[in-house]
Amino acid sequence: MNRLEGIYPSDRVTLREVGLRDGLQLAKALPSTDAKIEWLLRERAAGVRHYEIGSFLPAARFPQFADIEAMIRASEDMGLHSAGLTLNERGAEAALATDIREMVCVVSATEAHSQANMRRSRDAAVELVGKVAAMRDATAPGKIVNAGIAMALGCSLSGDVNPEEVVRLAGACLDAGADLVGVADTVGYAGPKAVGTLCARMTRLCGDRPFIIHLHDTRGMGVANAAAALDNGARVIDASLGGLGGCPFAPGATGNVVFEDVVFLAESMGFATGIDLEKLKDARAIAEEAMPGEEFHGALHRAGPPKNATWQAVGAA
């Protein structure tokens, strides 16, 4: 069963907007559910179709995701592809009881981060991917299981990470039943050379199956790294509106690579995204209004697209 068919086409670039999940995990000012739904509506009008909309975590500890069921209903009403983070068996059970379309599991590239983030070993995390896939097969066979390899390009706890080990873990996740795998520069550790090398290896592993690259802009390398990923076979990129987000393992760092900048990058490289940059401004406006005091980023937002640039015709869809 090819659950990815029509969802992540291999002949174009898919941009996943993760601002409503990764972008909110450390936010101090939280948008209301109504503001989040308006955020979705405005991004949908701009052509964005793929979202991480929250996490299946205890609402008492993570109030920013307490409304995930309302966000799933809104996503379904808009015909969007929704994904939610499922860090453990309880989260998977909760996700399976909803209409979420994609369940995101996490496997750490290093033992130190695995223990700090999930309190389980890497092998146990891969086993969890298999367990989630089996639960899915038994109750909701249409859902996608996505396994993301955190700290895949360098770890703030352990330092450099061997790309062959990352590829081994990604392969183990596919063997365990994941439909889709991703690699994450969780703390913005790497530069273009390392990103290109890992993506080339992932392209060889996955063949015609797409994989996700998840990038942070901690050291200003986000857009350059996205270009290296595209040059080496990546066709699905995570980014967040205005570069919202961060990681508890990189305190003080900026967040995800800026969604608007990655749209511009992809179009300028000849990859159609179907996303209207001008309309993205409307989505950013609602996010900025709903999250006063949060820091938003983006070179394209500051400067705007170049006048009459030929790339603008590429993304028409």
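The values are calculated or read from the model by the stated rules, or taken from the named source; none is laboratory data. Keep in mind that this is a model prediction, so the values were computed, not measured. No Cβ is skipped: glycine too gets one built from the backbone with ideal geometry, and neighbour counts run over all protein chains shown. For the accessible areas, the whole protein counts, side chains as well, though only heavy atoms, and no ligand, DNA or RNA atoms are used. Shrake-Rupley method; radii C 1.70, N 1.55, O 1.52, S 1.80 Å.
Taking every alpha carbon pair in the range 39-99, what does the distance histogram look like in 5 angstrom bins from 0, in percent?
So the P(r) values, bin by bin, are 4, 19, 30, 23, 14, 8, 2, 0.
Restricted to Cα positions, what overall size does the range 126-222 have along the principal axes? Three whole-Å values, descending.
Ordered largest first, the range 126-222 gives principal extents of 43, 27, 20 Å.
Might you tell me the accessible area per residue for the range 1-156, computed with a 1.4 Å probe and given in Å²?
So the range 1-156 comes to 40 Å² accessible per residue, rounded to a whole number.
Per DSSP H run of at least 4 residues, take -39500 (n - 2.57); add these up for the chain, divide by its residues and hand me the 222 nm value, nearest 500 deg cm²/dmol.
Working: 11 runs with 126 residues, N = 317.
That calculation yields -12000 deg cm²/dmol at 222 nm.
Could you check what % of the DSSP bridge pairs in the chain are antiparallel, to the nearest 5?
Values: 2 of 35 bridges.
Expressed as a percentage, antiparallel bridges in the chain total about 5.
In 5 Å bins starting at zero, report the fraction of Cα pairs in the range 140-196 per bin as a rounded %.
4, 19, 27, 21, 14, 9, 4, 2
Principal axes first, then extents: for the Cα atoms of the range 216-307, list largest minus smallest coordinate on each axis, whole Å, largest first.
Extents along the principal axes, in whole Å: 36, 31, 20.
Cα convex hull of the range 152-278: how many Å³ per residue?
Working: hull volume 13.8 nm³, N = 127.
In the range 152-278, the Cα hull volume divided by residue count equals 109 Å³.
Using only the Cα atoms of the range 104-160, what semi-axes does the equivalent ellipsoid have when each is the square root of 5 times a gyration tensor eigenvalue? Give whole Å, largest first. Please report the intermediate quantities before stating the final value.
Working: eigenvalues 128, 24, 8 Å².
Calculated on Cα positions only, the semi-axes equal 25, 11, 6 Å.
What net charge do the residues around ALA170 carry, taking every other residue with its C-beta under 14 Å from that of ALA170, with Lys and Arg at +1 and Asp and Glu at -1?
+1
Please list MET1, MET221, MET135, MET291 in order of solvent-accessible area, largest first, computed with a 1.4 Å probe with all protein chains present.
Numbers: MET1 165, MET221 75, MET135 40, MET291 0 Å².
Greatest to least solvent exposure: MET1, MET221, MET135, MET291.
Sort out for me the Cα centre separation of the range 1-71 from the range 278-293, rounded to whole Å.
A separation of 15 Å, based on Cα centres.
What Kirkwood radius, in Å to one decimal, follows from the Cα pairs of the range 4-142?
Details: mean 1/r = 0.0629 Å⁻¹.
After inverting the pairwise mean of 1/r, the radius is 15.9 Å.
For the range 48-206, taking Cα atoms only, what is the radius of gyration to one decimal and the Dmax to the nearest whole Å?
Looking at the range 48-206, its Cα Rg and Dmax stand at 15.6, 44 Å.
Please report the carbon-and-sulfur percent of the accessible area for the chain; probe 1.4 Å, protein heavy atoms only, DNA, RNA and ligands left out.
The nonpolar share, carbon plus sulfur, comes to 49 percent.
Mind grabbing the base-10 log of I(q)/I(0) for the chain at q = 0.12 Å⁻¹? Debye formula, identical points on the C-alpha positions, no solvent, two decimal places.
-0.74
As a test of understanding, state the convex hull volume per residue of the range 1-55 from its alpha carbons, in Å³. Don't jump to the answer; show the numbers that get you there.
Working: hull volume 5.9 nm³, N = 55.
In the range 1-55, the Cα hull volume divided by residue count equals 107 Å³.
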